[in-house]
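Chemist: Below is one structure. I have some questions about it.
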4 protein chains.
Amino acid sequence: MEVVEFRPEPEQFAWTFGGVAPIRRVRPGTVLRLWTEDAFCGRLRTTSDLPSSALMMPFVNPQTGPFYVEGAEPGDTLVLHLVDLTPARGWGASTTIPFFGGLTGTDRTATLQPPLPERTWIYEVDRSRGTVTFSALTSEFQLDLPMAPMLGTVGVAPAAYEARSALVPDRFGGNMDTPEMRAGVTCYLGVNVEGALFSIGDGHYRQGEGEACGTAVEGAMDVTLIVELVKGRAPLWPRLESDTHLITVGSSRPLEDAWRISQVEMVSWLSELYRLETLDSYQLLSQISEAPLANVVDVNYSALAKIAKAYLPPATAYDGLHRHLRELAAQIPTS
Amino acid sequence: MEVVEFRPEPEQFAWTFGGVAPIRRVRPGTVLRLWTEDAFCGRLRTTSDLPSSALMMPFVNPQTGPFYVEGAEPGDTLVLHLVDLTPARGWGASTTIPFFGGLTGTDRTATLQPPLPERTWIYEVDRSRGTVTFSALTSEFQLDLPMAPMLGTVGVAPAAYEARSALVPDRFGGNMDTPEMRAGVTCYLGVNVEGALFSIGDGHYRQGEGEACGTAVEGAMDVTLIVELVKGRAPLWPRLESDTHLITVGSSRPLEDAWRISQVEMVSWLSELYRLETLDSYQLLSQISEAPLANVVDVNYSALAKIAKAYLPPATAYDGLHRHLRELAAQIPTS
Amino acid sequence: MEVVEFRPEPEQFAWTFGGVAPIRRVRPGTVLRLWTEDAFCGRLRTTSDLPSSALMMPFVNPQTGPFYVEGAEPGDTLVLHLVDLTPARGWGASTTIPFFGGLTGTDRTATLQPPLPERTWIYEVDRSRGTVTFSALTSEFQLDLPMAPMLGTVGVAPAAYEARSALVPDRFGGNMDTPEMRAGVTCYLGVNVEGALFSIGDGHYRQGEGEACGTAVEGAMDVTLIVELVKGRAPLWPRLESDTHLITVGSSRPLEDAWRISQVEMVSWLSELYRLETLDSYQLLSQISEAPLANVVDVNYSALAKIAKAYLPPATAYDGLHRHLRELAAQIPTS
Amino acid sequence: MEVVEFRPEPEQFAWTFGGVAPIRRVRPGTVLRLWTEDAFCGRLRTTSDLPSSALMMPFVNPQTGPFYVEGAEPGDTLVLHLVDLTPARGWGASTTIPFFGGLTGTDRTATLQPPLPERTWIYEVDRSRGTVTFSALTSEFQLDLPMAPMLGTVGVAPAAYEARSALVPDRFGGNMDTPEMRAGVTCYLGVNVEGALFSIGDGHYRQGEGEACGTAVEGAMDVTLIVELVKGRAPLWPRLESDTHLITVGSSRPLEDAWRISQVEMVSWLSELYRLETLDSYQLLSQISEAPLANVVDVNYSALAKIAKAYLPPATAYDGLHRHLRELAAQIPTS
């Protein structure tokens, strides 16, 4: 396996999906060893570092990429298998940002109330125990939580000549902010432009479903992934596959539309895999789908349809590619 | 423990929460052994029984109740502990209903498209294996799925002199349609009227999150529950507690508002349990909440905030009532 | 014409649509001279009267009614022609109510921010000039605005044994809060129960579209109306007709669903009136519909489809009933 | 006044806001005489021309521009005064497009129903009478409607390095699709990038509020406008001013968020103009705002807050610029 390592300098960060020249060209089959800066550009280091003074909009959520995948054409399926996600710092940061988040008025859900107070929480990382520690700001309350590394952002260049902020999730993937984007998962994305031009970023050491306050335990991440390409067969919306689950991701507003997208896409997937007629898939889905939320805070909200493989007859999505990639991944020395 | 058995005759079914005289008076501490008819009134028995001809609106989702709980006053907390849910028939039914469901235009999401075809699926129950069997209508595809009995509907009389259809979930509980409403769970509901006037119904032998097509594997259910009462301390929205999780349920439209309600209510609960300031609870919640959907098809949509007790320090919600009820439940012979 | 006068005593107020015994029986063709208390029960009389202390929930928005219309059966069309709306007091009141209104978090759009300050504005009525006067609370700014009396609430008993708070707009009409509900307008409502059981209330001396802060210039109203009945032909959602416009009203959440309902109902109405095929109506509607909002603050939001008769060929909705009622109304001495 | 004429060749069309090099540089004060192709690229000429065969996605809604305005910097206010809009063809076209429009499931409001049938309507333009003629496809019904030319799309380059499809309305303006964008109106847009880079397009010979079916009476347009620049004072969202009204435009989903944005922006504008405290503006707005919808079909929905100047004391928004531009416009010979 060809292995490419890349650690962007700050001036190499990408701030959008689309509209950016590729930073590297890679062949399908390549193993990438990447580093991603956190969404705050590493600027929130203590509880005194507040977003309004420490961050410089729109320079948030820097992406590592884009990568030009040789041979990728519109209509193809870009396949990214996450081999390993390892926190690259000893602390993560989370914060409330004025008029941003799920339990506050925002620039869109515009109200006349003053914003919630701006606060920063710092989570200590304990690698040996595999924990991050929540420390309340206004009491002695502390809590060790399991580390659960994930990538908030995985995406390709959008269609229709668009360039979208790295804060946006949509059909091209992007800032979906789902805890399911963890090591061991294969992500399938429809290719919109030659070379696919994918980027990743937004490492989270841990995140709840919905990402209520708008930010996870944000931290720089060491990422190992394998790039693959399936000619044609582009899914309409992002799909994920793990050893145990099939997942589709919809991103839109209102939240029911994100959910509808994910469910309709899963109906399609089930129909493909088991040659089921649409209404039969719809019925089956209705009884077996899990529906965890990803984010209810970003430019689009993201919802998931998630089905346990254990419920289903054996099937090989994308010709068993996930299993193949898992086997390849096992041969890569961890970083 | 006082044990009351009740199996309603069809003319005793309640079709609303509120607006109905109590069918029985019960004391706090009573064990109730109930039977509930399914949401289709048992009229869908074969795949040829279609909703438009077999059902007579508005006579769907019959409730068993209401029960007048002695001593219950507005502002109190009605506590219902589900001891046992056992399917009372050898088959369950599910269906697509014209202009009803999550992946179709509806009377609210009004479009000009014709409805999806009307279909009925019958699931065979295998008690020994604990399964229900999905049989596709248009192919030979069959699938055994784990039985997972739950109640779609648990609620009290609403406030403000309202009477709401048994199809509605709202602050009073009602048709929340969450798979979390299973045996072993304690449900806390704010009391709005003297006697609380609670009802239950809508047995599901299994249901996916979101209940996409609008109906679960619907079936008559034998229900054993314990009624308790906490004076005062009414939660704003329904709360559930299991051995492993704390859960709050919000019901509204659009779906993000259901989610917001559940999250804000959980922020309150965390603050109560751990004396956390609001923003600290908000932050903690953001990193540990699960957010499974309940239904995206009913008059209001229902979303859950769900937190694993394993993440939290020991705490005793409602003075440890759930644990106490679990112990009591263990002493009740199963039906 | 038979004329019935009725001025409810406070203990006769109705607080719901449905669930209340009729206060009077009336025959179709009857002229009703009614008085309606304001939504605040007349308790906000100075800028020092604040909702949280002056109002007693749920006793707000008292309705005058319900009236039992003889001969009205489910499936019929209740016709209410508003002959005259005259402010019954020399002042109107408006207010901000904590966690209520369009530009604030609410009990549904739940956020963690503190509420907006509670305030009351009193508008002086000048009958001779036909104005109400806005007086800013924190500056000398004053503004005379044209009086534009309307009823926020006109509705019948709901279907399915429901009783709904007088704060709710839905298919049964209710608290639609549209400025189009003014004198000279005919309102068509589908009948759900024997006798129709309609009520009116919530006089507004003036209101903007959307009713942003949640309350209009609220004031007691003298109301003259004619009751009529069309057998059968119940519209799915409320319809209004004036000398110049046809209007349909949809009420739901999110707001696009309220709009969709109103548009689909207008497509139906156009198809009925001009024997147009559905897609032709859809196309025509798309080029001529006005879409003013009614309220974006109530339990359901209300949106209107409104078409100028001047654009359309002559047609006689409901056999020319509106014109007939206008002629009858002209013969009634104004109060 | 400097006059610049520009008629783009097809290869000069812009398909996005942002991401495109300027086609011309203009000085503030310049009069532009432009031509815009229709949203269908002129390809729907008969009722047999259907979108799925005649259009080539994403090449729809071609924009004339972008224009680089000398001196424009982020934070400035670009001012576009529409002097004249004259239909440039003798017919306009409208259509239903599969899974696009307000009364159908879409790619976002994803359902399993088949799409509505695809249809094209051609409207004959009669310049002398000032009408466009609707002709039903399935009956003899014909209707002359007043011509009411407007621009669906007016916008600048977005912030944050984004490039957005010309089908999108957002903070940068874009495809707002409001009938208020007519001759005689001044449009204020916040500048995000050097030179502002504005474009216009999407001529509508007539459109209903909401644009229900997704397309107006689309037609090529001759456009005369004056470009001005106000240093600083960028409004957060687009504002319009006519001789009779002040208007703000919000674009988002769900529709209530678009409405909230427009209302909050109008509260700000009223507070600026009359030095009113926020809650006083909120109250005043609540009683005088009109709230017509623009579109409920695009990537974001657009809603307007609209206030009649007749209700307000005299005030000079942007130092009376609108009045000044109206006077200048009167001196320009119409095309």
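Throughout, read-outs are computed from the coordinates displayed, never taken from laboratory work. As the structure is a computational prediction, the values presented were derived from the model and not from experiment. For neighbour counting, all protein chains shown are included, and Cβ atoms are generated from backbone atoms with ideal geometry for every residue, glycine included.
Chemist: Residue pairs, Cβ under 9 Å, 6 or more apart or interchain, first in the stretch D:1-30 and free of Cβ contacts under 8 Å to residues at least 12 places away in the same chain, second part of a loop (DSSP other than H, G, I, E, B) and among the acidic types (Asp, Glu). List them.
Modeler: As it stands, the answer is none, since no pair meets every condition given.
Chemist: Under the condition of being under 22 Å from the mean Cα position of the chain (by Cα) and under 25 Å from A:Pro74 (Cα atoms), which residue from the stretch D:52-73 is surrounded by the fewest Cβ atoms within 10 Å (Cβ to Cβ)?
Modeler: Going through the stretch D:52-73, the residues under 22 Å from the mean Cα position of the chain (by Cα) turn out to be D:55, D:57-69, D:72.
Adding the requirement that they be under 25 Å from A:Pro74 (Cα atoms) leaves D:55, D:57-63.
Working: D:Leu55: 18, D:Met57: 9, D:Pro58: 15, D:Phe59: 14, D:Val60: 21, D:Asn61: 25, D:Pro62: 23, D:Gln63: 27.
My answer is D:Met57.
Chemist: Can you work out which of the residues in the stretch A:268-304 that are in contact with a Ser or Thr (Cβ under 6 Å, 6 or more places away or on another chain), closer than 22 Å to A:Thr109 by Cβ and not small (Gly, Ala, Ser) is surrounded by the fewest Cβ atoms within 10 Å (Cβ to Cβ)?
Modeler: Among those that are in contact with a Ser or Thr (Cβ under 6 Å, 6 or more places away or on another chain), closer than 22 Å to A:Thr109 by Cβ and not small (Gly, Ala, Ser), it is A:Asn300.
Chemist: Another one. In the stretch B:36-45, is there at least one residue being within 23 Å of B:Leu189 (Cα to Cα), of a type outside the set (Val, Ile, Thr) and within 12 Å of another protein chain (Cβ to nearest Cβ)?
Modeler: no
Chemist: Mind listing whichever residues of the stretch D:124-172 are among the hydroxyl-bearing types (Ser, Thr, Tyr), surrounded by fewer than 24 Cβ atoms within 10 Å (Cβ to Cβ) and part of a strand (DSSP E or B)?
Modeler: D:Thr131, D:Thr133, D:Ser135, D:Ser165, listed by residue number.
Chemist: Can you tell me which residue within the stretch C:90-102, out of those that are surrounded by fewer than 23 Cβ atoms within 10 Å (Cβ to Cβ) and in contact with a strand residue (DSSP E or B) (Cβ under 7 Å, 6 or more places away or on another chain), is nearest to C:Gln207 (Cα to Cα)?
Modeler: C:Trp91
Chemist: Looking at A:Ile261, A:Ile332, A:Ile247, which one is surrounded by 21 or more Cβ atoms within 10 Å (Cβ to Cβ), aliphatic (A, V, I, L, M) and in contact (Cβ under 8 Å) with a residue 60 or more places away in the chain?
Modeler: Details: A:Ile261 fails: in contact (Cβ under 8 Å) with a residue 60 or more places away in the chain; A:Ile332 fails: surrounded by 21 or more Cβ atoms within 10 Å (Cβ to Cβ).
Being surrounded by 21 or more Cβ atoms within 10 Å (Cβ to Cβ), aliphatic (A, V, I, L, M) and in contact (Cβ under 8 Å) with a residue 60 or more places away in the chain holds for just one of A:Ile261, A:Ile332, A:Ile247, which is A:Ile247.
Chemist: From C:Asp257, C:Asp243, which residue is under 17 Å from C:Leu82 (Cα atoms) and of a type in the set (D, E, K, R)?
Modeler: Result of the check over C:Asp257, C:Asp243: C:Asp243.
Chemist: Let me ask you something else. Do you know which residues across the stretch B:128-159 are hydrophobic (A, V, I, L, M, F, W, C) and closer than 22 Å to B:Ser262 by Cα?
Modeler: Correct list: B:Met150, B:Leu151, B:Val154, B:Val156, B:Ala157, B:Ala159.
Chemist: Next question. Please go through the stretch C:9-25 and give me each residue that is under 17 Å from C:Val60 (Cβ atoms) and not hydroxyl-bearing (Ser, Thr, Tyr), ordered by number.
Modeler: Correct list: C:Pro10, C:Glu11, C:Gln12, C:Phe13, C:Ala14, C:Trp15, C:Phe17, C:Gly19, C:Val20.
Chemist: Among the numbered criteria (1) without any contact (Cβ under 8 Å) to a residue 12 or more places away in the chain; (2) more than 9 Å from every other protein chain (Cβ to nearest Cβ); (3) hydrophobic (A, V, I, L, M, F, W, C), which single criterion is violated by C:Leu270?
Modeler: With (1) without any contact (Cβ under 8 Å) to a residue 12 or more places away in the chain; (2) more than 9 Å from every other protein chain (Cβ to nearest Cβ); (3) hydrophobic (A, V, I, L, M, F, W, C) applied to C:Leu270, the lone miss is (1).
Chemist: While we're on this one: Looking only at the stretch A:228-237, decide whether some residue is surrounded by 24 or more Cβ atoms within 10 Å (Cβ to Cβ), closer than 26 Å to A:Phe67 by Cα and touching a residue at least 40 places away in the same chain (Cβ under 8 Å).
Modeler: The answer is yes, given that some residue of the stretch A:228-237 is surrounded by 24 or more Cβ atoms within 10 Å (Cβ to Cβ), closer than 26 Å to A:Phe67 by Cα and touching a residue at least 40 places away in the same chain (Cβ under 8 Å).
Chemist: Something else about it: Quick test of your reading of the structure: B:Pro115 fulfils all but one of (1) within 21 Å of B:Thr138 (Cβ to Cβ); (2) away from chain C (no Cβ under 14 Å). Name the failing condition by number.
Modeler: (2) is the only condition that B:Pro115 fails.
Chemist: So which strands (runs of 3 or more DSSP E) are wholly in the stretch A:8-89 and hold at least 2 residues that are in contact with a Lys or Arg (Cβ under 8 Å, 6 or more places away or on another chain)?
Modeler: Where strands (runs of 3 or more DSSP E) fall fully within the stretch A:8-89 and carry at least 2 residues being in contact with a Lys or Arg (Cβ under 8 Å, 6 or more places away or on another chain), they are A:31-36, A:63-69, A:77-87.
Chemist: Go through the stretch A:173-184 residue by residue and tally those that are surrounded by 24 or more Cβ atoms within 10 Å (Cβ to Cβ) and acidic (Asp, Glu).
Modeler: Total satisfying the criteria: 1.
Residue-by-condition table, conditions (1) among the small types (Gly, Ala, Ser); (2) within 14 Å of another protein chain (Cβ to nearest Cβ):
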residue: A:Arg89; (1), (2): no, no
residue: A:Ala93; (1), (2): yes, yes
residue: A:Thr106; (1), (2): no, yes
residue: A:Thr111; (1), (2): no, yes
residue: A:Glu124; (1), (2): no, yes
residue: A:Leu151; (1), (2): no, no
residue: A:Val154; (1), (2): no, no
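Chemist: Quick test of your reading of the structure: B:Ile307 fulfils all but one of (1) surrounded by fewer than 24 Cβ atoms within 10 Å (Cβ to Cβ); (2) at the interface with chain A (Cβ under 9 Å from one of its Cβ atoms); (3) outside any strand (DSSP E or B); (4) touching a residue at least 12 places away in the same chain (Cβ under 8 Å). Name the failing condition by number.
Modeler: (3)
Here's the yes/no breakdown for (1) touching a Phe, Trp or Tyr at 6+ places or on another chain (Cβ under 7 Å); (2) farther than 27 Å from B:Ala88 by Cα:
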{"residue": "B:His204", "(1), (2)": "no, no"}
{"residue": "B:Glu228", "(1), (2)": "no, no"}
{"residue": "B:Gly232", "(1), (2)": "no, yes"}
{"residue": "B:Leu240", "(1), (2)": "no, no"}
{"residue": "B:Thr248", "(1), (2)": "yes, yes"}
{"residue": "B:Glu256", "(1), (2)": "yes, yes"}
{"residue": "B:Arg260", "(1), (2)": "no, yes"}
{"residue": "B:Glu265", "(1), (2)": "yes, yes"}
{"residue": "B:Ile288", "(1), (2)": "yes, yes"}
